[in-house]
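Computed from the coordinates by the stated procedures, all read-outs in this text should not be read as laboratory data. Only a predicted model underlies this, so the values are computations on that prediction, with no experimental measurement involved. Neighbour counts run over all protein chains shown; Cβ positions are idealised from the backbone, glycine included.
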Amino acid sequence: MKKKFVALMLVAVMALAAFGCGSSSAKSASDKKQEETAEAAQKSGDTKGAAAADAKAGAETAAEAASAETASTALAAADDVAAVDISDQLGDKDALKKYAGQKVAIKNAKSVDTEDPGGDLLRFLYDTDGNGDPGDDLYFSIEKDGKTYLLKIESDLCDVESEPYQMVETLEEDTMINLEGTLTGEDSPFMQVTGIAITEE
């Protein structure tokens, strides 16, 4: 009887052990399946994250391109603004004050010599006293309606290699020209020239 009881206990223990291994084995397979599912989801998430990052980068690039295009358009629009013709108002400082900071034009002016501080007549002056060097601000004179006006090529705006700068250096006396530039100074308006063209007249 005792042996039979021990045998039954042994069978029960073996059955429990088998169930435990089976449970452990089943649990291990389930865990493995869950891990594989989680890994696949993570990969899927990584793919979606990468796609989202690519989309975001693409959107930022598009936004930057749009911003650059807008800035370029704004600059082009500024260049397209018509210059105000001040040819008939050159001698009227009060009238010129309202155009300070604006794009202006002088038409059909005559290139004339400029008098330096020593009284000598020169085609142009490097710097205000004529003692500057090529690359410095360039001063020259025009005549309009019998009056002479001193104008300036600012080297920061038009350097020594620019067309306006070189044009002033080579203009012959009495050449008829059209000019464009910006009017600066509210109290004493002064034109900084950025464009010169020889006229047919």
Quick test for you: out of Ser188, Ser141, Ser111, pick the one residue that is exposed (fewer than 15 other Cβ atoms within 10 Å of the Cβ) and small (Gly, Ala, Ser). Ser188
Test: residue in the range 149-156 that is within 13 Å of Thr194 (Cα to Cα) and small (Gly, Ala, Ser): yes
Looking only at residues that are of a type outside the set (Val, Ile, Thr) and touching a helix residue (DSSP H, G or I) at 6+ places or on another chain (Cβ under 8 Å) in the range 146-160, which one is surrounded by the fewest Cβ atoms within 10 Å (Cβ to Cβ)? Asp159
